[in-house]
Structures are given as C-alpha cells and as structure tokens.
Amino acid sequence: MMEHNKYAEIAVPLPIHKTFSYEIPVEMIDAIRPGMRVVVPFGKRVLTGYVVAIRDVSELKDVKLLRDILDDSPILDGQLMRLAHWISTYYISPIGEVMKAMLPAGVNQESATIITLAQSVDVVDQTIAHIGSRNQKKILQSIRNHRRIDLESLRKETRISNLGITLNRLNSAGLIAQEVTMKTPRAKVQYDVWYRLADTFRRSERDAEKIVPGAPKQIMCLKIIADRDEIAQNELLKLSGVSRSTVDALVKKGHVVRFQKERVRQYYDGESKQAPDVTVLTKDQDKVVSEIDKFISGRLFRPFLLFGVTGSGKTRVYIEVLKKTISMGRTAIVLVPEISLTPQTVRRFTRNFPGMVAVLHSRMSVGERYDSWRKLKEGEFKIAIGPRSAIFAPLKNVGLIIVDEEHESSYKQADTSPFYNARDVAVVRGKLSEAVVLLGSATPSVESFYNAKFDKYQMLTLPKRIENIPMPSVHVVDMSAQRKKTAAPDRDFLSRELIDKINEKLDLNEQIILLQNRRGFSTFIKCSDCGHIEKCINCDITLTFHIHTHRLRCHYCNFIKKAPDVCEHCGSSELTFRGIGTQQVEAALLAEFPKARLVRMDLDTTTQRKSHDRILKDFGEHRYDILLGTQMVAKGHDFGRVTMVGVISADTALQMPDFRASERTFQLLTQVAGRAGRKDRRGEVIIQTYSPEQFSIVCAKSHDYEKFFMAEILLRKELDYPPFSRIVQVMMKGENAQNVIIAINQFKESVSIDPARVKVLGPVPAPLSRIKNQYRWHMIFKVDKRWDSTGERMNAIVRDAESKIRRYLAKETVRLHVIVDPVTLF
C-alpha cells in the first residue's frame, strides 16, 4: 500500500510573518506532532523550526524535506500553542519568534556558517595590498587573522551592513570558502558520577575487612558507600580522602557500581530553613482570600485587581490562595518584576511550599534555567516564579497566575520581538486555563484600575497596613528655595532637611534608603566656554561620567572613552559636570556622613552574579546604615530597621517626553515611600523636587492613589491616550538615516486607514533618535478600541503595509519594529 505524503507547516525564529511547508519523511510521519521542534533547511542555513500544523496536501511544488525531529513529545502543548497564536496576532509578531521566546535559551539547534581562506596566506596578502574595496580588505584581514571564523563573529567584528553581498563576491573570486555546520545546543542535561554497592555485596555480608583485606583505603570507601546507599563521586572522594584510582579498583572487582545521576542546577541554594507563615489573617486579608477562593474552588477564570497599600500584606494573600490552588491538584505561576526577584522573595515562597517552587530568572545560567524549565514541564515542581518570561512556564493544569507589582514597565518586552506585556498575556493564559488571575499593586497602572472600575476586572482592596502601622509621613522639599541653604556647593542636591533627618536616624541606629534614579557621577560633561557636550559616537545621547574609572560611558551601547581634561572642541579646561548620578550622591554622602556605613546599588555595582542579592542581604543584616540606589531599591523590600526614605530628585521621570511620565513618578515615589515605617515608629519620607506643585508629587505626598487616578484619567481622555485608545508604535531603524526616513514615509503612504477610527502622529525622529549606530524614526497610531476591540483590524492594516515595502526594507537593511501597547514612546 502506497504511503500518502504528509506536510508540516513550520514556523522559523525569524522576523517573517508566515510559515513554511516541508514534506515529512515517511519514517517520521507517526512521530511528528504540532508543538515539536524540528530541523529544517532554510536557504543556505539549517534552522530549528516549530511545527504549527500537519497537513495532507501542499499547494507548493518541490517542497523540501524536513531533516529531523528534536523532541519525543511536543515541547509546547496545545494551550501554549494557542497562546502563541494570540500573541502573534495581537502584538503583530512573527509566530516563530513568539514560539522561540516561550522556550529557555540554548535549546535550539542551529547551523553556523564557517568562513575560511580558499587561497594561501601569501596570495591573500597580495590581494589585500591591491584590492580596491575597503570592505573586502576588512573581511579578508579578519579571516586571515582567525583562519576560521563564523558568520556572526565576522559580522560583529567588521560591522559591515551588506556583509552577505561582499562575501558572495569574495566567494565568486575564489578567495574564501564557506561551509555550514550544526552548532551543539548550549542547554543540556548535566550528569554527575555516583556509586552504590553491587547487588552481590549483600547486606548480611558487609564485612569490608574480609572482602578487601589489607586495603584500608578501599575498606573506608566501602563503609562510606554502605552508610549512604549511594553517594556522589565528589562527596565520596572528599569524605574518604582517597584518589579516584581507589574507587576504580572497587568497581573493577565488582564490589561497587558506578552510574550517572542527573544534577539539577539551582540558582538559589537549598530550601529556606524558616518555618512557614502561620500568622492570623487580618479581616481585610481574610475577606480577599475568601472571595478569590470561590473562583479557585469553582475552577473558573476570573481576573482580580488586588489594590493594597504598601505593607498591607499582599504577599500573605498570595501564599494563602496558592495553598488553595495546590490543594486542588493544580499548578501556579507567580510573576514578579525582574529587580524584585531576590532571595527574600523566593525563600518566603519556598518555606511555604518546600520542594514545589522553581525559579526562572534572567541572571541564571543557561543550565540552571533549563533545569528549572524541564522540572516544571515534567511536573516535579508545581509553582513557577520569575519575571515576564515565566508566564510561558510549561506547567499543566494552571489554576492561578499572580502578577505582583502589575504596574511595572519591566513586564513589557521592550528590546526584542515579540514585544509582549506579560501582565496582559497572563490574563489571556488564565482564560485559556480557566484559572484565577490576580494582579497586585499599591499603585496599579491606570489601565488596570480603569478595567477594575468598569468591571472587566474584579476589584479587591487592602486599605490598611499590617498591625495598623501608619503610613509614613511625607515632606516635600522645594529645591529651588533650598539650594541657597545648602552647606557645600558641591553637595547642593542635599537639602538641609534631608541632611538633618539622616543625622537623626543615624544617631538612633536606624536605617535609611535613598533613591536617585540615575547612575554614574554626572549625566553629562559640558564646556563652559563653547558649550560642547560629550556625546556617544554611536547614540544620540550624552555620555555619563563614572568617577571611579574616570571614564565616560554610554548606558545604551556601552561605548566607553577616557574622560577629557580639556574640551575636545575648543581646548578649554573649563569643563563642568552637570546632572546628578548615584556616584556623585555617594561621594557627597560619604563627605557629609564619614562614619556612616553606605552601600550603593545600581547597574554598575550589581554586574557580578548574585551581587544584587548580597547587597540586600547585608543591608538586611544591618551591615550598612544607608542603602543608596536607583529604582531597584524601591520595589518590594521589607527591612525592619528602615524608618526613613529620601528621594534625591523626584523630577527625573517627569522630564521624560512621555504620556506616562506623571504615572511613573507617582508610582516610584509611592513605592519607595512604602519602604519606611515600623510598628513602634512611624516612617518618614523626604522628597526633593523642583516641581512641588506637580499633581503626581502632591498625590504621592498624601498617598492618595484615587485622587491621582481621577486627575490622570481625565487628561488621558482629553488627549485620547490609553485606556481610551490602543497605541501602536511603528519604529524604523537603520544605519543610513536617509533610508530610514524613506522607509517610514513609504510605510505611512502604504497605510490605508479611516482618520475617524485611527489617528496618526508622525513620522518624526524618535526622542532617542540614534542608538547603537541605528537611526530611529517612528510614528504613532491611536486606534479606537470600539472599532477594533481585538486588535485584528489594525493587525491586518500593518501587515499589509509591511508587505508593500518589504523589498525596500530588505534591500536597504532597514528594520521595522511594531510595538503594540508600548509602555514608553522613546
């Protein structure tokens, strides 16, 4: 009987809005299913692709054969596949890029193009000396230096935009050779060597001295193994003090069996030794938990907004509803902002759910993340905790999804496609899973609070702090008036009120948190004579001065140069340092409070593995008196000795050209203020600002979210910003500014819209008009939600416009990014 051909629709992890048909080899037909990874030829490359569908027919001729299947069972189940399709549609993202984002880094098997010289070094040297093309010279020189180099490394080293065309010319001239090889996946299961007694070594005859007489080292090993039943090689050698050859001798004699055992790599070592939470719930907490339990017990989808002031015990609510979920045999996902994922957070969950919690975190190694992901997929762990990508945890039977600090912008993927928001994806996954979705915050996003006001979400409130600890008192200092009173000109950003209050807390042996949301020493260097400002050579941004290294650094592309002693433009030595960064604040504090123990926490001091965790642990143990940092010090930390919080400059976020600037300012000030206060002593907050009458600062002073919301929502309605419209940002990027401008204008001309349904702003240069040598232009679409409630209509419009200019984009190496619901318009 003749076999019928079968075809697989494959999504590849590239910025392509389509799938590709491949014929399935006969021997693979019974094994292949949607959600599996496969190896497919793609042009000159070989890629890992994802099976989207299986079909009986294909309309195409000369369909290529699929090469291999990488999984025994679907790596993405049906629910995650449906979620991937929703993300692809709503966020206008290629399905292959979405599916890749759902998997841990390092699992895909891909090809690499290796480039070598096809002629002798002497011939190549002569060619380099006489060749006219600068790019060809650069490429040949690079290959000559390395002998063998992969395409991506060559691209990074030479920074040639049309590299492929130049390589083809060199290949046609017979100067280079290219071959395609398969890379080994970085994520692998890791095994350790273990030992156990052989079956022949019966328990009734465990007399090691008789079995290996005159071999004291072997006798010692046998006794250790017998005591443990089985033991890892490293531990055995450490306990016995013998060499590997001693154990090898026992294996050779048949007394001991050597075997491999999988090692599960963990970022956080061990379980918490503290007891689970046993405190009695407050009346408000009990009411909230009871309401949520109804839907968990009924296995019903329901999104809740838990609106609780800082210190009201939201985490305790999370733990109680997690207990209910687990007791029903279901699993759960807990999303936290990246910066809040600390041992303090994780250990509180692990002590309440020992052996059930897996962490997924960007600072984990590839192996650690892969092991956590696999154990969740295998059902060994029941709770996944992590930042935004943890929403894709491969758990089955999800009954609860918690999004802590749901307002945080870090839930939005902002640097690479797909540009999803994990908070909104959580709601969709909850609906697919018939699960409860619990969004928690003391300062909810305007959109979420609006949804709760109009019953899209159910509102739950925790209006009081635990044990009725009062909210901290907030004092706003007008820096316009205060600068004249400052003791030292080089410390004029420290008001007299702030200095006096820090001294008071230090005398009482209490702790202080200080927020300055810019790192470095000075945000720019300016020549007083000619006005020249040091800027990045790759980005349209000023360089930040870092005093410890005496270097200027770009915080976008990491370009670094030595700080000048004289102006590079006019030669003047009159250089002034403007803008305040955490390093400058640190220097001023050390001068003002020489006996204080101070630690700074920003991206410059937390580059090493677990350095962020160590700083918080040491501060929690009172090894420091003052914790100074950027916004990472503001979120979710609970330190019993902190009675005072100071905000050096509350105006940083307000200066940003963004419709969310006021919202971000209010949220950050309220969150950091919430770190202050104890049962026996009311917390105090000092906010320094040049805009004391700005309504976000006025509302933060009184801890009045609802007042802030009412003012902000009226402004959003007047300007037609979310939640009254859906924003779609179209961004063009490229090394050639003119090509980028042409591309963005071609896109606008290709868009066919009704101005009554969609308002168009731009195209204009983005506020950050060049980053990493990429010129950036954008345009904004404000889409009427009543006309396009699901986003499908705008999706079709954008996809159609993109298809019309695709050739130009490819020819001129201009990249198109479509960002739906952006959290910033930079």
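The values are calculated or read from the model by the stated rules, or taken from the named source; none is laboratory data. Here the structure is a predicted model, which is why all the values come from computation and not from measurement. Please note: Cβ atoms are built from the backbone with ideal geometry, for glycine as well, and neighbour counts cover all protein chains shown. Please note that ligands, DNA and RNA were not included when accessible areas were found on the heavy atoms of the full protein model with its side chains. Shrake-Rupley method; radii C 1.70, N 1.55, O 1.52, S 1.80 Å.
Beta bridges from DSSP with both residues in the chain: antiparallel share about 60 percent, rounded to the nearest 5. In this structure the amide hydrogen of Met459, modeled in the peptide plane, comes within under 5 Å of the amide hydrogens of Leu305, none closer than 5 places in sequence on its chain. Shown is the FRET efficiency for Lys253 and Asp651, computed with R0 = 60 Å from the Cβ-Cβ distance and rounded to the nearest 0.05: 0.20.
Rg over Rh for the stretch 768-826 works out to 1.01, both radii taken from alpha-carbon positions and Rh defined as the Kirkwood radius.
Residues whose amide H falls under 5 Å from that of Ala53, counting only those 5 or more places apart or on a different chain, are Glu9, with hydrogens built in the peptide plane. For the stretch 526-631, GluC sites (Glu not before Pro) are listed when DSSP marks them as loop and at most 14 other Cβ atoms sit within 10 Å of their Cβ; the list is Glu568, Glu574, Glu621. Give me the base-10 log of I(q)/I(0) for the stretch 119-182 at each q in 0.17, 0.20, 0.22 Å⁻¹, Debye formula, one uniform scatterer per Cα, rounded to two decimals. The Debye formula, applied to the Cα set alone, gives -0.54, -0.76, -0.94. The slack in the chain from Ser362 to Leu590, taken as 0.36 nm per residue of separation less the alpha-carbon distance, amounts to 78.8 nm.
With the cut-off at under 11 Å, measuring from each backbone N in the stretch 766-807 to a point 7 Å along the Cα-to-Cβ line of Asn538 picks out 771-774. Estimated from the Cβ-Cβ distance and a Förster radius of 51 angstrom, the FRET efficiency linking Lys287 and Asn145 is about 0.15. From the alpha carbon centroid of the stretch 808-826 to that of the stretch 549-591 is 32 Å.
What's the extension gain from Ala737 to Val57 if we count 0.36 nm per residue and subtract their Cα-Cα distance? Write out the running numbers ahead of the final one.
Numbers: separation 680, 0.36 × 680 = 244.80 nm, distance 4.55 nm.
Roughly 240.3 nm would be gained on extension.
Were the residues from Glu27 through Phe695 laid out at 0.36 nm apart, the gain over their Cα-Cα distance would be 233.7 nm. Selection among Ser572, Thr607, Ile541 by position relative to the dipole of the stretch 538-666 gives Thr607 as farthest towards the positive end (Cβ unit charges, Cα centre). Isolated cysteines of the chain, defined as having no other cysteine beta carbon under 4.7 Å away, are Cys221, Cys557, Cys699. Rounded to whole numbers, the Karplus 3J(HN,Hα) couplings from phi for the stretch 452-461 are 6, 5, 10, 6, 6, 10, 9, 7, 10, 10 Hz, using 6.51 cos²θ - 1.76 cosθ + 1.60 with θ = phi - 60°, and x at Gly and Pro. Cβ-Cβ distance of Ser172 and Asn773, R₀ of 41 Å, FRET efficiency by 1/(1 + (r/R0)^6): the value works out to about 0.90. One-quarter of the Cα convex hull surface for the stretch 494-613, in nm²? Reported value for the Cα convex hull: 9.1 nm².
Coupling constants for the stretch 23-39 follow from the phi torsions by the Karplus curve (6.51 cos²θ - 1.76 cosθ + 1.60, θ = phi - 60°), and in residue order they are 6, 8, x, 3, 6, 9, 4, 6, 9, 7, 8, x, x, 8, 9, 9, 9 Hz; glycine and proline get x. A crude spin-label estimate for the pair Leu715 and Asp71, with each label 7 Å from Cα along the Cβ direction, gives 4.6 nm. Considering all different alpha carbon pairs of the stretch 708-826, the Kirkwood hydrodynamic radius works out to 15.0 Å. Taken one residue at a time, the phi angles of the stretch 570-578 give Karplus couplings (6.51, -1.76, 1.60, θ = phi - 60°) of 10, x, 6, 8, 7, 9, 10, 9, 10 Hz. Gly and Pro are set to x.
All Cα-Cα distances of the stretch 47-142, cut into 5 Å bins from zero to the largest, leave 2, 9, 15, 13, 12, 9, 7, 8, 11, 8, 5, 2, 0 percent in each bin in turn.
Express in % the proportion of alpha carbon pairs of the stretch 236-377 at distances exceeding 25 Å. Numbers along the way, then the final one.
Working: 4722 of 10011 pairs.
Of all Cα-Cα pairs in the stretch 236-377, 47 percent lie more than 25 Å apart.
Diffusion coefficient of the chain by Stokes-Einstein, Kirkwood radius over Cα pairs, 10 °C, 1.306 mPa s: 52 µm²/s. Sorting 448-456, 461-469 by average packing, meaning the other beta carbons within 10 Å per residue, from highest down gives 448-456, 461-469. Solvent exposure of the chain, expressed per residue, is 46 Å² of accessible area, with all protein chains present and a 1.4 angstrom probe. For the modelled label position 7 Å from the Cα of Gln190 along Cα-to-Cβ, which residues of the stretch 221-240 have backbone nitrogen atoms closer than 18 Å? 232-236, by backbone N distance to the label point. The separation of the stretch 141-160 from the stretch 728-802, counted between C-alpha centres, amounts to 35 Å. Take the Cα of Ser750, step 7 Å toward its Cβ, do the same at Phe301, and the gap between the two points is 3.4 nm. Placing dummy labels 7 Å off each Cα toward the beta-carbon, the span from Val280 to Ala226 is 5.6 nm.
Once backbone amide H atoms are built at 1.01 Å from N, Lys535 has Leu543 as its partners under 5 Å, excluding neighbours fewer than 5 places away on the same chain.
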